Structure formats: C-alpha cells, structure tokens
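A.B. asks: Below you will find the structure I want to go over with you.
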Amino acid sequence: MKLESFVLGAWRSGASEGVALRDATSGELIAHATTDGFDMAAILEHARTVGGPALRETSFHERAALLRALGKRLLESKEDFYALSHRTGATRADSWIDIDGGIGTMLAFASKGARELPDGRVYLDGGVEALSKGGSFVGRHVCVSRAGAAVQINAFNFPVWGMFEKLAPAILAGMPVIVKPATATAYLTERVVRRIVELAILPPGTLQMIAGGVGDLFDHLGSQDVVSFTGSASTAVKLRTHPIVTRRSVRFIAETDSLNSSILGPDAGPGTAEFELYADEVVREMTVKAGQKCTAIRKAIVPATMLEAATAAIAERLAAVRVGDPRAPDTRMGPLASRDQRHEVLHRLEELRGESDLIHGDPHDPRLREANARGGGFLAPLLLRCRDAASASAVHSVEAFGPVATLLAYRDLDEAIELARRGDGSLAGSLFTADEKVAAHVAIGLAPFHGRLLVVNRHCAAESTGHGAPLAPLVHGGPGRAGGGEEMGGIRGVLHYMQRTALQGSPAMLAAIGGRWIRGATERDPGRHPFRKPFDELAIGDTFRSNARQITVADIEAFAALTGDNFYAHMSETEAARNPLFGSRVAHGYYLISAAAGLFVDPDYGPVLGNYGLDELRFVKPAKPGDWIKVRLTCKEKSLRADKGWGEVRWDALITNQDGETVASYDVLTMVSVHAVPDAAR
Ligand code: NAP
C-alpha cells in the first residue's frame with residue numbers, strides 16, 4: 001500500500017516506490033511513502049491563493065469555532081486513531097498523550113481564541129503610544145495574518161500532537177498549513193488528516209499534508225511563509241541555513257533536541273516526599289513513549305550525599321517496568337518507533353558509556369531478544385551514572401532518544417545549576433524541593449537556559465502535569481541547542497504566524513484600522529442613550545456624556561457606612577491632612593466609580609444584560625468634597641458571541657472634575673443582547 005498525501009485538494013501518491021514504514025512491534029510492513037513527482041511550488045501556491053484568502057476572510061472567533069468543531073468531531077474517531085497508534089510502539093497511555101493531548105491542545109487554542117482574541121482580524125499588541133504633545137498623532141502595534149503558507153515539519157515521536165500544537169495557532173492566526181509529518185510514523189497523521197478532510201470543516205486549501213520528503217519545497221518558499229520545524233538540531237541547522245530561507249528572511253521556528261535536567265534539592269533526602277516524587281518522575285520520564293520525548297529527563301542531578309540512595313530508588317522502580325507489546329494492558333513501556341531508532345539509541349549509548357557506567361538495565365536484554373528478532377524495536381530502560389560530572393562532556397551533548405537517563409552528582413547548588421546549564425539550552429528543567437529559598441536560587445540560575453521550569457513539592461505533586469508535558473497555555477521551546485524557538489504559550493503562539501506592524505497616524509485612523517476606539521478619535525452621537533441600542537446597532541465611538549454631580553462629605557460618610565471602608569483619608573480631616581498624597585479629605589475611589597455608574601446607566605429594562613468587570617482602572621486625581629465630577633462613556637470595542645445571543649461591549653470611561661482634569665479612567669465591560677428587548681424565553 002502506498003501512503004497518500006493530501007495536496008492540491010486531493011489525495012495523491014508519489015511516483016516512486018518510496019520508504020517502507022513498519023510496525024514498531026512486529027516489523028510488519030504498513031505502507032510505503034513517497035512524494036516523488038509532487039509539484040511543491042504548486043502546493044505552496046495552493047495554500048497561499050486558495051486556503052489563505054478563505055481563512056483571512058474569517059474573524060479570530062470564526063477560526064476558533066472551526067477548531068472547536070473540528071476537535072469535537074475528531075474525538076468521536078479517537079479509537080480508530082488509538083488502534084493505529086499502537087503500531088508506532090505507543091501504549092494506550094502514550095497514545096493518550098499524543099491523540100487526546102493533541103486534540104485537547106487544539107480545543108485549548110479554540111477556547112483561548114474565543115476568549116482572548118477580538119471578533120475581528122486585527123490583533124492589538126499593547127496600548128496606544130502618545131507621539132505628540134497635542135494628541136493628534138499617535139502610534140500602536142497591530143498584528144495581522146501573514147499572506148503566505150505555514151510549512152510545519154514534525155518529528156516522528158508525536159504524529160498527532162505534533163501536528164495539532166502547530167496547526168491550531170496557525171489556523172487561528174489565519175495562515176493555511178502544509179503539514180509534513182516525519183515519514184516513519186506518517187501513517188497515523190495521514191489517518192487523522194483523512195478524517196479532517198472527510199469532515200470538511202476547514203475551508204479548502206487550509207490544510208495540506210505531505211507524507212514523505214519535502215522535495216524542492218524550500219526552493220519555492222517566499223518571504224510571507226513561515227517554517228515551523230520540530231526534530232533534531234542537525235536537521236534544524238540544515239533547514240535554517242537553506243539559501244532561500246536566509247535570502248528571503250523566511251520566518252523559521254525550531255524546536256530541537258535537548259538535554260533536559262531534573263535536580264533533586266539538597267533538602268529532599270531519602271524519607272521526604274520530594275525524594276520519592278523525584279524517583280517516580282525520573283522513571284516516568286524514562287519510560288513514557290519509551291523515552292522518545294524531546295522534553296524527557298536525560299540528566300538526573302542529585303546531591304553527592306544522596307547518590308547511592310537515589311540510584312537505588314530509581315533502579316527499584318525501573319525493575320518494575322514491564323516492557324512489551326504496547327497493545328497489552330499490563331505493558332508499561334512499548335518498543336521504540338522502529339528498529340532503526342533502536343540502533344540509533346544503542347549507538348548513542350556507547351558514546352555516553354565512555355564516561356558513565358551502566359548501572360541498571362541490559363541493552364541486549366534476553367527477554368526482548370525474540371521480539372526484536374521478529375522485527376521489533378524493543379529496548380529496556382537504561383540508567384547510567386556519570387563517573388565525574390564536572391569533567392564529563394558527552395552527557396551534556398549526546399541525546400540518546402530513548403529510555404536512557406544519566407545520574408550526575410553535585411556538591412553544592414551552584415554546581416547543580418552549572419551541570420544543568422551545560423546542556424547549552426534546554427526545553428524543560430525541573431527541581432524537586434520543599435525549600436522556597438532553594439527554588440528561587442535554582443530557578444533564577446536555570447531560567448536563562450530553559451524554556452520551561454517545573455518546581456515540584458509535596459503540595460503540587462498530585463496535580464502537577466509533570467516534567468515532560470508541554471501545555472497549550474505555556475510556551476514550549478528553549479534557547480540554544482533546544483532550537484531557540486518558541487511555540488504555544490497561548491496567544492503568543494498565534495502571533496508567530498502574524499506580522500507585527502507599528503501604525504502611526506491620527507487617533508481616528510488608528511481606531512478605524514484596529515477596530516478599537518481610542519481617545520482623541522471621533523465621538524459619535526448615538527441619537528439616544530447607547531444602553532438602549534442592541535449589540536448590532538451600537539457603533540464604535542457612540543458616546544454618552546453625563547451630567548455633573550457634586551462630591552459631599554455626607555455622601556462619603558454614607559458610602560463608608562454602607563461598605564465599612566472607614567479609611568482615615570476619607571473619614572478624618574486631620575489624619576488626611578497628614579497624608580502627603582492628599583493633604584485633605586478625599587472621596588473613596590470606589591465611591592467615584594459607583595457614582596459614575598449612577599451617572600451613566602440607563603436604568604430601564606433593555607439590551608444591556610450585565611456588567612462583567614472593569615479593566616485598566618486608574619485613580620488619577622483625588623476628588624474632594626465640593627468637587628464636581630462627570631463621566632464620558634464611549635463604545636470602544638465590540639465582540640459578538642454569536643452562539644450566545646449577546647456580545648461583549650467594552651466602553652471607555654473617563655471621570656473628570658470641574659476643571660476638566662482626569663479623576664479616573666477605566667474600561668467598563670458589558671454584555672449586550674442582540675435584541676432590543678431581550679426575552680427571557682428566547
Ligand atoms: P529529524 O530526523 O530531524 O526529522 C524531523 C523532521 O524533519 C522529519 O519530519 C523529517 O522528515 C524532516 N526532515 C529531515 N531532513 C529534512 C530535510 N532535509 N528537509 C526537510 N525536512 C527534513 O528528527 P526525528 O528523528 O524525526 O525526531 C527526533 C528528534 O526530534 C529528537 O532529537 C528530538 O529531541 C527532537 N524533538 C524535538 C521536539 C521539540 O519540541 N523540541 C519534539 C519532538 C522531537 P523525514 O522523516 O521524512 O526524514
């Protein structure tokens with residue numbers, strides 16, 4: 001059977017016989033993969049001219065809805081994906097990380113997109129910058145979809161998660177995707193893409209998938225394209241330095257291999273909860289996905305005084321790990337993804353053994369010989385111990401991408417930090433300690449060299465997601481050897497597929513481009529109180545100006561009595577006079593915003609359903625008894641919740657005094673019905 005690719009709107013197979021893809025357990029042939037003869041220039045152009053424009057017509061919220069619908073429907077097919085996933089060597093637990101983890105990541109992006117991005121196509125990055133004295137010339141940053149294709153090249157170890165963690169932010173950003181899974185496990189990605197294509201949720205041209213090599217695709221990359229690569233550091237260097245990538249400044253994101261460390265704190269001796277948790281975690285990281293995880297712990301750095309105890313605790317746990325057929329329910333660890341991968345790991349093991357002793361596990365375990373003779377890629381977990389951590393080099397540079405970890409002993413915390421930093425840039429690091437001072441010292445020492453740090457103590461362990469798990473809301477990536485890239489991290493990951501542009505002009509122009517009113521832009525007369533307008537009729541810039549209200553001692557005291565806030569600056573003339581900020585009695589800030597609400601609300605039943613918060617509240621100038629305040633309220637931004645029958649409306653509120661000075665400034669957040677008079681039964 002030939003594995004097909006989905007390109008140019010159809011399933012196609014390449015011209016030559018291609019590479020044989022085999023079952024990790026039995027060596028049985030699954031399919032051949034080839035992309036020979038594919039017109040890579042046309043594939044890129046299809047993404048740019050068919051998928052890109054269709055996606056860019058939609059808003060962030062519409063794209064988020066596509067991802068949500070897709071994720072929900074794919075979950076219905078997951079048992080089919082699980083069955084095939086076993087063929088990669090993954091146990092059910094491993095497959096859960098890849099399949100449920102991948103779809104879950106897409107759903108997490110869908111919900112972040114709906115909650116944290118506007119219902120438009122322009123993302124505002126930061127606030128308005130005042131560029132002129134008079135305020136007629138301002139600046140701000142906007143991010144918009146890039147006009148090219150996102151080429152996403154993935155490693156073999158997570159054929160589903162690897163696709164979704166890249167695809168979801170790109171689609172949300174409005175960029176069409178060309179996925180290139182690692183060929184060895186591309187059959188699982190192909191199965192998922194087949195289902196995506198059947199579901200026909202994504203607009204045509206949005207997703208293409210290449211099962212096999214990229215051919216001359218890199219020669220046709222353009223300046224608007226983005227390449228996001230996951231794999232080995234050596235391939236990353238080759239692709240990053242491709243002449244077209246450098247000449248056309250093609251945006252290039254790399255997540256590569258990494259020597260990740262976990263440090264056992266000096267306080268976490270045998271008998272403590274942290275010690276036991278540490279031993280559990282090292283073993284989990286060695287055995288999940290048979291250690292084929294870019295984030296897995298490769299260096300277990302422990303106090304010299306605890307080396308023997310840590311060795312014993314880890315070895316005891318490893319001895320209980322059952323290696324075998326990934327389909328069997330009692331199997332804890334399956335084979336590596338292929339026989340070739342096993343050979344590769346054994347080769348790396350020899351390099352490591354030059355300076356470390358193998359203290360647990362047999363690379364040629366007789367119990368696995370028969371399965372390997374049939375074509376499997378089985379390898380028992382192997383624990384090494386470095387003979388002299390300070391002078392060793394291979395342990396800091398050689399990644400055995402399998403169930404292999406090395407123990408290193410440290411004398412003091414600074415040496416532990418130094419040993420972790422010698423990985424020259426890692427994806428993830430962890431520390432097991434109950435001591436907050438140790439945590440602060442180590443975290444600051446490790447952070448410049450790590451993309452993510454996990455500190456485990458007994459209090460968070462039960463709910464901790466673990467050393468090796470990248471999470472959609474947090475960044476994944478790392479400096480130096482880890483590739484220097486960054487993915488995910490919530491909306492940060494979406495911005496990798498967008499262009500940030502500094503806009504300059506008048507407030508009205510910037511408001512029109514960004515879809516958000518800014519001070520100095522046109523104020524519109526809505527013709528009636530804006531709270532009487534349903535969502536669709538409200539216009540950005542609709543403004544209400546209130547009458548003035550005087551601040552009185554009686555009102556301040558009534559507010560204090562009502563709330564119990566008797567702070568001296570509001571209640572005592574003599575104490576307030578001693579306060580260097582006020583000099584005399586002032587109104588409560590919360591009274592001012594409450595009084596302002598009294599000035600701007602329209603009380604009758606109508607389209608405004610509720611107030612769900614305030615943003616960016618600042619009390620700028622104190623208001624004192626005798627002062628007069630009034631408020632200006634302007635419709636600043638609208639975001640429709642299409643499925644809910646209402647939209648979020650952000651209002652710019654400005655409280656000023658009798659001299660026109662700003663007393664308080666904030667955004668009021670409301671939910672406004674699409675109906676003039678909402679019907680409870682609707
Ligand atoms: P790899 O050999 O570097 O391959 C990675 C991807 O690059 C595959 O899709 C591969 O395609 C493709 N590729 C290789 N040469 C290419 C070329 N000349 N042009 C275009 N594409 C090319 O790495 P791997 O063996 O699949 O993965 C294991 C490595 O990935 C480990 O070192 C691991 O640490 C790292 N990894 C890192 C992360 C992370 O997030 N940082 C995650 C997972 C894995 P073919 O399969 O068709 O060759």
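A.B. asks: THR574 passes all but one of (1) open to solvent by less than 50 Å² (accessible area, probe 1.4 Å); (2) of a type outside the set (Phe, Trp, Tyr); (3) not in a loop (DSSP other than H, G, I, E, B); which number fails?
C.D. replies: (1)
A.B. asks: Do we have ALA69 as more than 20 Å from ALA170 (Cα to Cα) and either surrounded by fewer than 20 Cβ atoms within 10 Å (Cβ to Cβ) or out of contact with any helix residue (DSSP H, G or I) (no Cβ under 8 Å at 6 or more places or on another chain) (or both) here? Please lay out each step first, then the result.
C.D. replies: Values: more than 20 Å from ALA170 (Cα to Cα): no; either surrounded by fewer than 20 Cβ atoms within 10 Å (Cβ to Cβ) or out of contact with any helix residue (DSSP H, G or I) (no Cβ under 8 Å at 6 or more places or on another chain) (or both): yes.
In short, no.
A.B. asks: Determine if the stretch 260-269 includes at least one residue that is of a type in the set (D, E, K, R) and within 16 Å of the ligand (Cβ to nearest atom). Break it down stepwise before answering.
C.D. replies: As a first pass, look at the stretch 260-269 and keep what is of a type in the set (D, E, K, R): 267.
If we keep only those that are within 16 Å of the ligand (Cβ to nearest atom) too, we end up with none.
No, the stretch 260-269 contains no residue that is of a type in the set (D, E, K, R) and within 16 Å of the ligand (Cβ to nearest atom).
A.B. asks: Right, something else. Do the conditions hold for SER232, that is, is it within 15 Å of the ligand (Cβ to nearest atom) and polar (S, T, N, Q)? Quick ask: steps written out before the conclusion?
C.D. replies: Values: within 15 Å of the ligand (Cβ to nearest atom): yes; polar (S, T, N, Q): yes.
The answer is yes for SER232.
A.B. asks: Just give me the residues in the stretch 22-66 being away from the ligand (no atom under 16 Å from the Cβ) and within 30 Å of GLY376 (Cα to Cα), in sequence order.
C.D. replies: The answer is ASP23, THR25, SER26, GLY27, GLU28, LEU29.
A.B. asks: List pairs: first in the stretch 592-616 and open to solvent by 40 Å² or more (accessible area, probe 1.4 Å), second among the small types (Gly, Ala, Ser), Cβ under 6 Å, 6+ apart or cross-chain?
C.D. replies: Between residues of the stretch 592-616 that are open to solvent by 40 Å² or more (accessible area, probe 1.4 Å) and residues that are among the small types (Gly, Ala, Ser), the close pairs are LEU609/SER673.
A.B. asks: Checking the conditions here, which among LEU117, LEU74, LEU131 is away from the ligand (no atom under 16 Å from the Cβ), within 30 Å of ARG327 (Cα to Cα) and touching a residue at least 24 places away in the same chain (Cβ under 8 Å)?
C.D. replies: Numbers: LEU117 fails: within 30 Å of ARG327 (Cα to Cα); LEU131 fails: within 30 Å of ARG327 (Cα to Cα).
Result of the check over LEU117, LEU74, LEU131: LEU74.
A.B. asks: Moving on to the next point. Would you point out the residue of the stretch 242-269, among those that are of a type in the set (D, E, K, R) and not in a strand (DSSP E or B), that is least open to solvent (accessible area, probe 1.4 Å)?
C.D. replies: Of the stretch 242-269, the ones of a type in the set (D, E, K, R) are 247-248, 251, 255, 257, 267.
Adding the requirement that they be not in a strand (DSSP E or B) leaves 247-248, 257, 267.
Details: ARG247: 174, ARG248: 102, ASP257: 16, ASP267: 55 Å².
Applying the filter and picking the extreme gives ASP257.
A.B. asks: On to the next question. Consider the stretch 624-682. How many of its residues are open to solvent by 20 Å² or more (accessible area, probe 1.4 Å), in a strand (DSSP E or B), under 28 Å from LEU117 (Cα atoms) and hydrophobic (A, V, I, L, M, F, W, C)?
C.D. replies: 4
A.B. asks: Just to be sure I understand, how many residues within the stretch 103-161 are closer than 28 Å to ARG650 by Cα and either of a type in the set (Phe, Trp, Tyr) or outside any helix (DSSP H, G or I) (or both)?
C.D. replies: 31
A.B. asks: Scanning for something open to solvent by 60 Å² or more (accessible area, probe 1.4 Å) and either under 29 Å from HIS450 (Cα atoms) or not aliphatic (A, V, I, L, M) (or both), does the stretch 284-297 turn up at least one residue? Don't jump to the end; show me each part of the working.
C.D. replies: Start the filter on the stretch 284-297 by keeping residues that are open to solvent by 60 Å² or more (accessible area, probe 1.4 Å), which leaves 284.
Subsequent filtering for residues that are either under 29 Å from HIS450 (Cα atoms) or not aliphatic (A, V, I, L, M) (or both) retains 284.
So far as the stretch 284-297 goes, yes, one or more of its residues are open to solvent by 60 Å² or more (accessible area, probe 1.4 Å) and either under 29 Å from HIS450 (Cα atoms) or not aliphatic (A, V, I, L, M) (or both).
A.B. asks: Scanning the stretch 235-256 for residues that are near the ligand (Cβ under 7 Å from one of its atoms) and of a type in the set (Ser, Thr, Tyr), which turns out farthest from ARG481 (Cα to Cα)?
C.D. replies: Within the stretch 235-256, the match that is farthest from ARG481 (Cα to Cα) is THR235.
A.B. asks: Can you name the number of the only condition in (1) open to solvent by less than 40 Å² (accessible area, probe 1.4 Å); (2) in a helix (DSSP H, G or I); (3) free of Cβ contacts under 8 Å to residues at least 40 places away in the same chain that HIS32 fails?
C.D. replies: That leaves (2) as the condition not met.
A.B. asks: Any residue at all in the stretch 161-180 that is among the small types (Gly, Ala, Ser), assigned by TED's automatic domain parsing to the domain that holds TYR82, buried (at least 24 other Cβ atoms within 10 Å of the Cβ) and near the ligand (Cβ under 9 Å from one of its atoms)?
C.D. replies: First, pick out the residues of the stretch 161-180 that are among the small types (Gly, Ala, Ser): 162, 168, 170, 173-174.
Restricting the remaining residues to those that are assigned by TED's automatic domain parsing to the domain that holds TYR82 gives 162, 168, 170, 173-174.
Next, only the ones that are buried (at least 24 other Cβ atoms within 10 Å of the Cβ) stay: 162, 168, 170, 173-174.
Still in the running and near the ligand (Cβ under 9 Å from one of its atoms): 162.
Scanning the stretch 161-180 turns up at least one residue that is among the small types (Gly, Ala, Ser), assigned by TED's automatic domain parsing to the domain that holds TYR82, buried (at least 24 other Cβ atoms within 10 Å of the Cβ) and near the ligand (Cβ under 9 Å from one of its atoms).
A.B. asks: Assuming THR331 fulfils every condition listed in (1) more than 26 Å from the chain's Cα centre (by Cα); (2) in a loop (DSSP other than H, G, I, E, B); (3) farther than 30 Å from ARG369 by Cα; (4) of a type outside the set (Phe, Trp, Tyr) apart from one, which condition is it?
C.D. replies: Only one criterion is unmet by THR331, namely (3).
A.B. asks: Could you list, in sequence order, all residues of the stretch 181-200 that are under 22 Å from GLY52 (Cβ atoms), open to solvent by less than 40 Å² (accessible area, probe 1.4 Å) and in a loop (DSSP other than H, G, I, E, B)?
C.D. replies: PRO181
A.B. asks: Please state which of the following conditions ALA33 fails to meet, knowing it meets all the rest: (1) in the same structural domain as LEU221 (by TED's automatic domain parsing); (2) within 25 Å of the chain's Cα centre (by Cα).
C.D. replies: Here ALA33 clears every test but (2).
A.B. asks: Follow-up question, since we're still on this one. Show me the strands (runs of 3 or more DSSP E) entirely contained within the stretch 390-509 in which 2 or more residues are of a type in the set (Val, Ile, Thr) and in contact with a Lys or Arg (Cβ under 8 Å, 6 or more places away or on another chain).
C.D. replies: Numbers: elements: 404-410, 426-432, 450-456, 475-478, 485-488, 498-505.
So the answer is 404-410.
A.B. asks: Test LYS238 against the stated conditions and say whether it is open to solvent by 10 Å² or more (accessible area, probe 1.4 Å), assigned by TED's automatic domain parsing to the domain that holds THR91, closer than 30 Å to ALA20 by Cβ and not in a loop (DSSP other than H, G, I, E, B).
C.D. replies: Numbers: open to solvent by 10 Å² or more (accessible area, probe 1.4 Å): yes; assigned by TED's automatic domain parsing to the domain that holds THR91: yes; closer than 30 Å to ALA20 by Cβ: yes; not in a loop (DSSP other than H, G, I, E, B): yes.
Considered against the rule, which asks whether it is open to solvent by 10 Å² or more (accessible area, probe 1.4 Å), assigned by TED's automatic domain parsing to the domain that holds THR91, closer than 30 Å to ALA20 by Cβ and not in a loop (DSSP other than H, G, I, E, B), LYS238 comes out as yes.
A.B. asks: Here's another thing I want to ask about it. Can you pull out the residues in the stretch 531-545 that are surrounded by fewer than 17 Cβ atoms within 10 Å (Cβ to Cβ) and in a loop (DSSP other than H, G, I, E, B)?
C.D. replies: Passing the criteria: only ALA539.
A.B. asks: Another question, then. Anything in the stretch 62-87 that is of a type in the set (A, V, I, L, M) and farther than 18 Å from GLU165 by Cα? List them, or say none. Quick ask: steps written out before the conclusion?
C.D. replies: So in the stretch 62-87, the residues of a type in the set (A, V, I, L, M) come out as 64-67, 69-70, 74-75, 83-84.
Result: ALA83, LEU84.
The values are calculated or read from the model by the stated rules, or taken from the named source; none is laboratory data. These numbers come from a predicted model, not from an experiment. Quick reminder, even Gly has a Cβ in these numbers, built from the backbone with ideal geometry, and neighbours come from all protein chains shown. Each accessible area value is taken on the protein alone, full model and side chains, heavy atoms only, with ligands, DNA and RNA left out. Shrake-Rupley method; radii C 1.70, N 1.55, O 1.52, S 1.80 Å.
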